[in-house]
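Heads up, the thing below is written out as structure tokens.
Throughout, read-outs are computed from the coordinates displayed, never taken from laboratory work. Quick caveat, the model's predicted, so the values are computed rather than measured.
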Amino acid sequence: MRSPSAAADELERAVVECGLKGALISGTIDGKFLDAPEFAPVLARAERLDVPLYIHPGVPPEGVRAAYYDGLPDGASFMLAIAGWGWHAEVAVHILRLPCRAH
């Protein structure tokens, strides 16, 4: 979502013209969370269209992986960093940050 205005327009096209019921968006983009002001057009358009956005998480940044998972067995460390815990934590941080930006 490097061009949020274009992404908002595409979301509207997908919903209005193609009948989609929502969209999947990446979580942290270039180290920024979705409450960053530049993503406001997408969030506002989804709200206006009354459609959900599914936040697709990614692999946590190296600093987070090191702090949380270093010292664990390799397989356990990787799995916890992604599907085991890290993805859930990333989405939770996005959700917790959004209301703070709205006020």
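Computed on the chain, with alpha-carbon pairs under 8 angstrom and 6+ residues apart, the relative contact order is 28 percent. Computed 3J(HN,Hα) for segment 90-98, one whole-Hz value per residue from the Karplus formula 6.51 cos²θ - 1.76 cosθ + 1.60 where θ = phi - 60°, is 4, 4, 4, 5, 4, 5, 5, 7, 4, glycine and proline marked x. For the chain, modelled as a GNM whose springs connect Cα atoms under 10 angstrom apart, the maximal fluctuation among 52, 73, 41 occurs at 73. Using the rule -39500 (n - 2.57) for each DSSP H run of four or more residues, divided by the residues of the chain, the 222 nm mean residue ellipticity is -16000 deg cm²/dmol.
A straight line joining the Cα centroids of segment 72-103 and segment 28-42 runs 16 Å.
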